[in-house]
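As structure tokens, the structure follows; a few thoughts come after it.
The values are calculated or read from the model by the stated rules, or taken from the named source; none is laboratory data. Just so it is clear, the structure is predicted and the values come from calculations on it, not from any experiment. A quick note on method: Cβ atoms are made from the backbone with ideal geometry, for glycine too, and the neighbour counts reach across all protein chains shown. The area values use the complete protein model at the heavy-atom level, side chains included, leaving out ligands, DNA and RNA. Shrake-Rupley method; radii C 1.70, N 1.55, O 1.52, S 1.80 Å.
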Amino acid sequence: RRETVAWIGRTQLSDVIAKKMGHLSAVKIVDFDSARTDELVRLWRESFEFGVGVVDPHSISDQRDYFVNTVVPNNAVRMAVLDDQLVGFIAATKESIAHLYVRVGHHHRGIGTQLLAWAQAQSIGKLWLHAFARNATARAFYEKHGFVIVARGFEPTWQLDDIKYEWAAQHASV
């Protein structure tokens, strides 16, 4: 069957792509729902520990407080939901991405790409973020999506090397 699409907007195009890919069709990017804070913080903890390969020494209640009192007030937060299960989230401003996490076991399904696309669409045309150098999966993801390394550093709280990435939208010249 052939689909004919005239001019369609960004959201509609992503829906068409998602349907063609099948596994994305049910993933929805929705506004943060504070009733899901505990679920989100557990996802964040599990995904962070899996990706970075460290055990977070902070209590889950401290992490929840940090999320509620620091992350939420300073970022727009969106959640990826699949069949009513929280499978990822992003916290970003128009200039930067503070957090992007996908539930362990749900990687390589386009969920992170959808979250990133939301951040790029609401950005000022460029974004920056930090990733831990040892998180090879995150680094490959960002590099695949056009982020480039602009600095290397050391994160003192975690005592880990980190990398600063930047992305800029490509504008076609006329």
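Give the residue, chosen from A117, A92, that is within 13 Å of the chain's Cα centre (by Cα) and either buried (at least 20 other Cβ atoms within 10 Å of the Cβ) or of a type in the set (S, T, Y) (or both).
A92
Going through the range 1-34 one residue at a time, which ones are among the β-branched types (V, I, T) and either assigned to a helix (DSSP H, G or I) or at pLDDT 50 or above (or both)?
Once the filter is applied, which keeps residues that are among the β-branched types (V, I, T) and either assigned to a helix (DSSP H, G or I) or at pLDDT 50 or above (or both), the range 1-34 yields T11, V16, I17, V27, I29, V30.
Tell me which residues, restricted to the range 34-62, are under 20 Å from H106 (Cα atoms) and β-branched (V, I, T).
T37, V41, V52, V54
Among the residues of the range 38-59, is there at least one that is among the aromatic types (F, W, Y) and within 18 Å of L116 (Cβ to Cβ)?
Looking for residues that are among the aromatic types (F, W, Y) and within 18 Å of L116 (Cβ to Cβ), one finds at least one in the range 38-59, hence yes.
Residue check, W167 against (1) closer than 19 Å to L82 by Cβ; (2) surrounded by 17 or more Cβ atoms within 10 Å (Cβ to Cβ), all met but one. Which one?
Every listed condition holds for W167 apart from (1).
Inspect all residues belonging to the range 145-153 and state whether any of them is of a type in the set (F, W, Y) and open to solvent by 30 Å² or more (accessible area, probe 1.4 Å).
The answer is no; no qualifying residue exists.
Looking only at the range 95-106, count how many residues are farther than 16 Å from M79 by Cβ and buried (at least 16 other Cβ atoms within 10 Å of the Cβ).
Qualifying residue count for the region: 1.
Would you call T37 of a type outside the set (A, V, I, L, M), surrounded by fewer than 16 Cβ atoms within 10 Å (Cβ to Cβ) and either at pLDDT below 95 or out of contact with any Phe, Trp or Tyr (no Cβ under 9 Å at 6 or more places or on another chain) (or both)?
no
Being closer than 18 Å to F48 by Cβ and assigned to a strand (DSSP E or B) is the filter here, so list the residues in the range 131-153 that pass it.
A131, F132
Checking the condition of a type in the set (G, A, S) and in a strand (DSSP E or B), which residue from A91, A117 passes?
A91
For the range 123-130, check the following and say yes or no: at least one residue is out of contact with any strand residue (DSSP E or B) (no Cβ under 7 Å at 6 or more places or on another chain) and not aromatic (F, W, Y).
yes
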